[in-house]
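Visitor: The structure that follows is given in the form of structure tokens.
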Amino acid sequence: MLKIENLHVHVAGKEILKGLCLQVNAGEVHAIMGPNGAGKSTLGNVLAGREGYEVSAGTVTFEGRDLLMLQPEERAAAGVFLAFQYPVEIPGVNNTYFLRAALNAQRKARGEPELDSMQFLKRVREKLKVLDLPDALLHRGVNEGFSGGEKKRNEIFQMALLEPRLAILDETDSGLDIDALRQVAAGVNAQRTPERAFIVITHYQRLLDHIRPDQVHVLADGRITASGGVELAVKLEAEGYAGMPQEAQA
Ligand code: ADP
Ligand code: MG
Ligand code: MG
């Protein structure tokens, strides 16, 4: 589904990703772990097509297409979803309105008919069952006054509505208490299908107790320096990143 080869990315004139390679197949969950400042969020942002991330070398192929040639909204239409490490608040913009606009923008870009409010509400009710999200959150401003846990659950809800092919979750676990973490993990697990892939970026092994990844990768200094199974995450938790190899593996 996703093939990243020798990706080099500059941010504000500084090289952050330095030859990153990663391959993700449909149905798989890949965890990316690594120290602060390693370039984990940069990877998510460059895949989503955010501004300010300059690709200086390498290729990214998504379902056979050159992802880097697509505009951010074309990537969203193709099914790439990024949940931000720091969700934005949009005071005064009703959350339901926002979610419907996001869904209809995606449908429009795909040449699908927009959903009217009845169809949209039906979809919302289906997805609400997946997550333990209070109805009231739908009627407030986007993330306005939401707790950290509510923002993260709202993102998982947004993901459920958009039904992405590739979902990238950037530290969706950060700042969550154990109950909120379980709810977020349950929301992700409920959305695992053979057609959908996840890249779960996390600083701690904790989340991986609840979301079992197929592969774990260490991103350090702009490259994947180690890949393995869940045992790699357990080893990292015990030994820290300092004990990991500093050179990229072939
Ligand atoms: P991580 O998510 O692994 O903690 P980031 O990808 O956020 O790391 O950041 C990697 C490096 O890139 C850091 O040194 C950070 O300061 C720098 N960086 C990221 N985004 C920007 C930006 N918009 N402007 C300047 N520097 C940035
Ligand atoms: Mg960070
Ligand atoms: Mg980050």
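Nothing in this text is a laboratory measurement; each read-out follows from the coordinates by a stated rule. These numbers were taken from a predicted model, which means no experiment stands behind them. No Cβ is skipped: glycine too gets one built from the backbone with ideal geometry, and neighbour counts run over all protein chains shown.
Visitor: Among all lysine pairs in the chain that are eight or more places apart or on different chains, how many have alpha carbons less than 20 angstrom apart?
Guide: Lysine pair count for the chain: 11.
Visitor: Per residue of the chain, what 222 nm ellipticity follows from adding -39500 (n - 2.57) for every DSSP H run with n ≥ 4, rounded to the nearest 500?
Guide: Values: 8 runs with 87 residues, N = 250.
Calculated mean residue ellipticity at 222 nm is -10500 deg cm²/dmol.
Visitor: Roughly what % antiparallel, to the nearest 5, for the DSSP beta bridges in the chain? Before the final figure, lay out each step's value.
Guide: Numbers: 25 of 42 bridges.
In the chain, DSSP labels about 60 percent of beta bridges as antiparallel.
Visitor: Work out the P(r) tail for segment 2-243: percent of alpha carbon pairs separated by more than 33 Å, whole number. Display every interim value, and only then the final one.
Guide: Details: 4624 of 29161 pairs.
Counting pairs separated by more than 33 Å, the tail of P(r) holds 16 percent.
Visitor: Using the 10 angstrom Cβ neighbour count as an exposure proxy, how do ILE90, ILE199 rank, fewest first?
Guide: Working: ILE90 14, ILE199 24.
Final ranking by Cβ density, sparse to dense: ILE90, ILE199.
Visitor: Now for a different question. So what is the relative contact order of the chain, in percent, for Cα pairs below 8 Å that sit 6 or more residues apart? Please list the in-between numbers first.
Guide: Details: 459 pairs, mean separation 68.5, N = 250.
The value is 27 percent.
Visitor: May I pose another question? If we count every other residue with Cβ under 10 angstrom of GLY49's Cβ, Lys/Arg +1 and Asp/Glu -1, where does the sum land?
Guide: For residues surrounding GLY49, the net value is -1.
Visitor: I would also like to ask the following. Based on other C-beta atoms within 10 Å, arrange ASP132, ASP66 from fewest to most. Working shown, then result.
Guide: Numbers: ASP132 13, ASP66 10.
Going from sparsest to densest Cβ surroundings: ASP66, ASP132.
Visitor: Further, regarding this structure: Summing +1 for each Lys or Arg and -1 for each Asp or Glu, what net charge is found among the other residues whose Cβ lies under 14 Å from the Cβ of GLY149? Can you show the working numbers first?
Guide: Values: positive: LYS151, LYS152, ARG153, ARG182; negative: ASP132, GLU150, GLU155, GLU171, ASP173, ASP177, ASP179.
Spelling it out: positives minus negatives among the neighbours equals -3.
Visitor: OK, next. Is any residue of segment 109-123 close enough, with backbone N under 19 Å, to a label point placed 7 angstrom from the Cα of GLU73 along the Cα-Cβ axis, and if so, which?
Guide: 109-116
Visitor: Pulled fully out, how much extra length does the chain show between LYS129 and SER117, if you take 0.36 nm times their separation in residues and subtract their Cα-Cα distance? Present the calculation step by step, with values, prior to reporting the outcome.
Guide: Details: separation 12, 0.36 × 12 = 4.32 nm, distance 1.85 nm.
So the extension gain works out to 2.5 nm.
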